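K.L.:
Got a structure for you, written out below as structure tokens; questions coming shortly.
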Amino acid sequence: MTSLSGSNGDRPLDPAESLRLIAAQQEKVKDVEPDGRVLYGVWGLAWLLGYTTLYVSSLRSGAPPATATLEIGASDVVGQPEPWAFLAFTFLVVGAVAITIVHIMTRVSGVRGASARSGALYGWAWFISFAAMSMVLGGLARAGANPEVMSLASNSLSCLVVGIMYLAGGAMWQETRLYVLGVWILLVAGAATIVGLPDLYLVMAVAGGGGFLLMAFVEQVLRVRTRRRLAGGARA
Amino acid sequence: MPDVELDPVIHAQARLRVVATLSALGAGDQIAFPRLQKLLEMTAGNLSTHLRKLEDAEYVTVTKTHEGRTPATYISLTPRGRRAFEVYTESLSMLLRGAGS
């Protein structure tokens with residue numbers, strides 16, 4: 001090294017070092033984007049625990065038909081989760097929503113302009129979609145939909161919103177993994193609704209929650225790989 | 001060795017890192033000074049100095065504004081700065097290819 005005046009950043013660079021600096025800095029800029037590991041991890045846990053709770057609870061309340069003797073009328077005792085299970089599920093989902101919002105707002109703070117505007121519009125799209133969904137569910141209940149139909153409708157409509165929003169986000173930001181997750185959630189929601197109660201909750205917990213957690217793991221692997229590549233370049 | 005000139009405004013560690021950071025944001029995005037400072041792990045004074053040089057070259061725009069009562073400074077890469085960075089990275093690749101052959 002010719003001089004230590006490099007501390008003011010004006011030290012000449014060789015091309016390889018320049019390229020490495022650029023790559024390292026571009027990796028660092030990921031700090032202003034939401035971290036997929038956090039978001040997928042949080043939602044994976046919320047779904048896994050929440051839906052498992054609903055499943056276990058609905059098995060308990062729907063226990064009679066499981067006692068082999070299928071009497072007349074027994075078949076319409078479809079296991080419905082108990083109120084405490086719904087409360088636990090709601091708590092987990094609200095917690096996940098709160099963590100998501102805080103995480104994203106912290107990450108993108110201090111950045112404004114075109115992408116901030118896209119992000120805000122995208123965020124509002126979630127609220128608007130879920131508000132509209134609540135109105136649809138209210139309408140279905142008023143029209144006399146029974147608890148089983150309401151359970152199927154509320155779960156499938158929520159998942160439709162989530163899945164389609166992921167597709168939109170994946171398309172907008174060219175985030176292939178987000179898009180793939182959206183496709184997966186839509187398929188899982190469709191399959192779970194066909195399966196019906198109470199196994200719907202098991203499908204949602206394992207395939208839905210599992211899907212999120214798998215994607216969180218993929219994000220982590222890719223992150224480590226990038227970091228290792230950058231570190232490797234620094235040694236060369 | 002191919003005859004490639006590297007833009008001296010960008011070809012210095014600190015300014016290269018500033019420009020690389022700004023170019024990684026979306027076109028038309030601005031970033032608050034403290035946030036940029038954190039991403040670069042530079043002192044405020046040092047960052048200001050380099051931003052001034054980049055501003056003189058019309059590679060970045062520094063916008064001073066108010067958020068409520070607090071003054072805030074936002075920095076963005078100009079189209080000219082973005083082009084200069086693209087040309088710079090292309091030149092680097094050419095140099096590296098030239099060095100390899």
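Residue-by-condition table, conditions (1) of a type outside the set (Gly, Ala, Ser); (2) at pLDDT below 90; (3) surrounded by fewer than 16 Cβ atoms within 10 Å (Cβ to Cβ):
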site: A:Leu4; (1), (2), (3): yes, yes, yes
site: A:Ser7; (1), (2), (3): no, yes, yes
site: A:Pro15; (1), (2), (3): yes, yes, no
site: A:Leu21; (1), (2), (3): yes, no, no
site: A:Asp31; (1), (2), (3): yes, no, yes
site: A:Pro34; (1), (2), (3): yes, no, no
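K.L.:
Find the residue count for segment A:108-160, including only residues that are in contact (Cβ under 8 Å) with a residue 40 or more places away in the chain and surrounded by 17 or more Cβ atoms within 10 Å (Cβ to Cβ). Show your work before the answer.
P.N.:
Going residue by residue through segment A:108-160, those that are in contact (Cβ under 8 Å) with a residue 40 or more places away in the chain are A:108, A:110-111, A:118, A:122, A:125, A:147-148, A:151-152, A:155, A:159.
With the extra rule that they be surrounded by 17 or more Cβ atoms within 10 Å (Cβ to Cβ), the set shrinks to A:108, A:110-111, A:151-152, A:155, A:159.
Total meeting the criteria: 7.
K.L.:
With the checklist (1) at pLDDT below 90; (2) touching a Leu at 6+ places or on another chain (Cβ under 9 Å); (3) not acidic (Asp, Glu) in hand, flag the one item A:Ser61 doesn't pass.
P.N.:
(2)
K.L.:
Of the residues that sit in segment B:7-44 and are polar (S, T, N, Q) and farther than 21 Å from B:Pro79 by Cβ, which one is nearest to the chain's Cα centre (by Cα)? Give the steps one after another, and end with the answer.
P.N.:
The initial filter retains those residues of segment B:7-44 that are polar (S, T, N, Q), namely B:13, B:21, B:23, B:30, B:37, B:43.
With the extra rule that they be farther than 21 Å from B:Pro79 by Cβ, the set shrinks to B:13, B:37, B:43.
Numbers: B:Gln13: 10, B:Gln37: 12, B:Thr43: 16 Å.
Filtering segment B:7-44 for residues that are polar (S, T, N, Q) and farther than 21 Å from B:Pro79 by Cβ, the one nearest to the chain's Cα centre (by Cα) comes out as B:Gln13.
K.L.:
Considering only segment B:66-76, I want to know if a residue exists there that is closer than 24 Å to A:Asp14 by Cβ and open to solvent by 10 Å² or more (accessible area, probe 1.4 Å). Working first, answer last.
P.N.:
Quick first cut of segment B:66-76, residues closer than 24 Å to A:Asp14 by Cβ only: none.
Within segment B:66-76, none of the residues are closer than 24 Å to A:Asp14 by Cβ and open to solvent by 10 Å² or more (accessible area, probe 1.4 Å).
K.L.:
Looking only at residues that are surrounded by fewer than 19 Cβ atoms within 10 Å (Cβ to Cβ), of a type in the set (A, V, I, L, M, F, W, C) and in contact with a strand residue (DSSP E or B) (Cβ under 9 Å, 6 or more places away or on another chain) in segment B:1-32, which one is farthest from A:Arg107 (Cα to Cα)?
P.N.:
The qualifying residue farthest from A:Arg107 (Cα to Cα) is B:Ala27.
K.L.:
Can I ask one more? Considering only residues that are within 11 Å of another protein chain (Cβ to nearest Cβ) and open to solvent by 20 Å² or more (accessible area, probe 1.4 Å), which ones fall in segment B:79-89? Walk me through how you get there before you give the answer.
P.N.:
From segment B:79-89, those within 11 Å of another protein chain (Cβ to nearest Cβ) are B:85, B:88-89; that's our starting set.
B:Thr89, the sole residue that qualifies.
K.L.:
Which ones in segment B:25-63 are in contact with a Phe, Trp or Tyr (Cβ under 7 Å, 6 or more places away or on another chain) and more than 7 Å from every other protein chain (Cβ to nearest Cβ)?
P.N.:
If the condition is that a residue be in contact with a Phe, Trp or Tyr (Cβ under 7 Å, 6 or more places away or on another chain) and more than 7 Å from every other protein chain (Cβ to nearest Cβ), then B:Thr63 is the only one that fits.
K.L.:
Any idea which residue in segment A:40-60 is nearest to the chain's Cα centre (by Cα), counting only those that are hydrophobic (A, V, I, L, M, F, W, C) and surrounded by fewer than 21 Cβ atoms within 10 Å (Cβ to Cβ)? Reasoning before the result, please.
P.N.:
Here is the first cut: in segment A:40-60, the ones hydrophobic (A, V, I, L, M, F, W, C) are A:42-43, A:45-49, A:54, A:56, A:59.
Next, from what is left, pick out any that are surrounded by fewer than 21 Cβ atoms within 10 Å (Cβ to Cβ): A:42, A:45, A:48-49, A:56, A:59.
Numbers: A:Val42: 7, A:Leu45: 10, A:Leu48: 11, A:Leu49: 14, A:Val56: 22, A:Leu59: 26 Å.
That would be A:Val42.
K.L.:
Out of A:Met165, A:Met204, report the one residue that is part of a helix (DSSP H, G or I) and farther than 20 Å from A:Val56 by Cβ. Lay out the reasoning, then the answer.
P.N.:
Working: A:Met204 fails: farther than 20 Å from A:Val56 by Cβ.
Matching residue, one of A:Met165, A:Met204: A:Met165.
The values are calculated or read from the model by the stated rules, or taken from the named source; none is laboratory data. The model shown is predicted, which means the values in this text are computed figures rather than measured ones. Glycine also receives a Cβ, built like all others from the backbone with ideal geometry; neighbour counts cover every protein chain displayed. Quick note on the areas: whole protein, heavy atoms, side chains included, nothing else; ligands and nucleic acids left out. Shrake-Rupley method; radii C 1.70, N 1.55, O 1.52, S 1.80 Å.
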